[in-house]
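Asks: Below you'll find the structure I mean.
The values are calculated or read from the model by the stated rules, or taken from the named source; none is laboratory data. These numbers come from a predicted model, not from an experiment. We place every Cβ from the backbone using ideal geometry, glycine too, and count neighbours over all the protein chains shown.
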Amino acid sequence: MITTISRPALGEEPEPQHDRPADVPPALPPLPQREPGRTLHATGSLVEDLEHEDDQRGYEPEPDARHRALGQELLRRVRAGDRIAAAAGRTAPRTVAQKRERLAAVGGAR
């Protein structure tokens, strides 16, 4: 037995109703409106448009002081951990070769 599902021909389906009562909030926020005078490039994509806007703002300095402080804090913690490990007779593997060697020693290397 074959079951066939058919749809009515075009023009026969009723139009969906989109009216919402005034006291019911919309299901989705409204779509953003394009700014007047702003055009999209015919070959551009959203990413290219964002990059173009970023380029138009000009040079923006990076927050070097915060990055440098984070790097110094991480280095301080790594060195402190290395001192503790060295005092206990251990070392942390830093390179892939050291990590593979350590895995091979415990039988976990592939």
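Asks: Do we have S6 as modelled with pLDDT of 70 or more and of a type in the set (S, T, Y) here?
Replies: Working: modelled with pLDDT of 70 or more: no; of a type in the set (S, T, Y): yes.
Taking the combined requirement at face value, the residue does not satisfy it.
Asks: Related question: Sort through R94, R20 and tell me the only one that's in a loop (DSSP other than H, G, I, E, B), at pLDDT 80 or above and surrounded by 10 or more Cβ atoms within 10 Å (Cβ to Cβ).
Replies: Details: R20 fails: at pLDDT 80 or above.
So the residue among R94, R20 that is in a loop (DSSP other than H, G, I, E, B), at pLDDT 80 or above and surrounded by 10 or more Cβ atoms within 10 Å (Cβ to Cβ) is R94.
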